[in-house]
Amino acid sequence: MSFDRSIKIAPSILSADFANFGEEIQAIEAQGADWVHVDVMDGHFVPNLTFGPPAVKAFRPHVKTFMDVHLMIAPVDPYIEAYAEAGADMITAHIEAGPHIHRTLQAIRAQGVKAGVVLNPGTPAEAVADVLDLCDMVLVMTVNPGFGGQKFIHSGVDKTRKLRQMIGDRPIHIQIDGGVTPETAPLVVAAGADVLVAGSAVFKGGSVSNPEVYGANMRAIREAAEGAREAA
Ligand code: DX5
Ligand code: ZN
């Protein structure tokens, strides 16, 4: 598949109904999600606990698009194989999740899975300069990781602009995660982002019996984002 910098919406199922993941995934895909974003938390690297490899494996048959697994766990290296075997299409790891991010990214690619590196709000763009060629994506956190529904941290916009310059014409996505709404999406897309994770802004007001709301929420983000791309 050739590299595609079109705007992609990746709903985070952290904001879905935890008793009904299969139907929730089917609903967001039927309503236009491009990717499905899975937030893995360990209660140690971040103050919250979510999905082990068996949970991710159970999501897999429901995901027809692209399963993007965001690992907020430390250490991360011992678990890469298990999340790859669970069916991740992409695994992203935080720089701070181990002593050797270069080795971590190599280990992800060695599993035949796409690799992403994550920048926390306190981590500068320059921190990924020497690993860009091992990455299919850089994820810019615009909240501190751990919870959905937090407020967008604006320093991620300048960071995205810097990264876009550093990446040049290399086939590397820039993903934004945290506080993405129709108001904040244009800022990061104008700065160079192409993959937008959104949890609360996609799932708010909807349910599997009222999935059109998910569709309308995603359209609002996409239209605002595409408007900013055209203007940029
Ligand atoms: C935060 C997670 C996010 C989160 C985004 O630690 O990585 O993916 O679910 O949620 P919203 O879009 O509600 O900020
Ligand atoms: Zn995430």
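The values are calculated or read from the model by the stated rules, or taken from the named source; none is laboratory data. Just so it is clear, the model here is predicted, and its values are computed rather than measured. Methodologically, a virtual Cβ is constructed for each residue, glycine included, from the backbone with ideal geometry; neighbour enumeration extends over all protein chains shown.
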With criteria (1) of a type in the set (Asp, Glu); (2) within 16 Å of ligand 1 (Cβ to nearest atom); (3) surrounded by fewer than 22 Cβ atoms within 10 Å (Cβ to Cβ), ASP177 comes up short on (3)
**OP:** Would you be able to say whether some residue in region 63-74 is under 21 Å from VAL180 (Cα atoms), within 14 Å of ligand 1 (Cβ to nearest atom), in contact with a strand residue (DSSP E or B) (Cβ under 9 Å, 6 or more places away or on another chain) and charged (D, E, K, R)?
**Re:** yes
Residue match in region 91-109 (condition: surrounded by fewer than 21 Cβ atoms within 10 Å (Cβ to Cβ), part of a strand (DSSP E or B) and modelled with pLDDT of 95 or more) | no
With the first residue restricted to region 70-81 and required to be under 19 Å from VAL138 (Cβ atoms), and the second required to be among the acidic types (Asp, Glu) and crowded, with 22+ Cβ neighbours inside 10 Å, Cβ contacts under 8 Å at 6 or more apart or on different chains are HIS70/ASP39; HIS70/ASP177; MET72/ASP39
Per the filter on region 88-101, residues more than 16 Å from the chain's Cα centre (by Cα) and more than 15 Å from ASP136 (Cβ to Cβ) are GLU96, ALA97, GLY98, PRO99, HIS100
Q | Residue in region 41-55 that is within 16 Å of ligand 2 (Cβ to nearest atom), hydrophobic (A, V, I, L, M, F, W, C), touching a Pro at 6+ places or on another chain (Cβ under 8 Å) and closer than 25 Å to GLN26 by Cα present | A | yes
Counting only residues that are within 14 Å of ligand 1 (Cβ to nearest atom) and not hydrophobic (A, V, I, L, M, F, W, C), region 18-31 contains a total of 1
For region 1-17, pairs from a residue that is more than 14 Å from ILE176 (Cα to Cα) to a residue that is near ligand 1 (Cβ under 9 Å from one of its atoms) and in a loop (DSSP other than H, G, I, E, B), with Cβ under 6 Å and 6 or more apart or across chains, are LEU14/GLY148; LEU14/GLY199; SER15/GLY148; SER15/GLY199
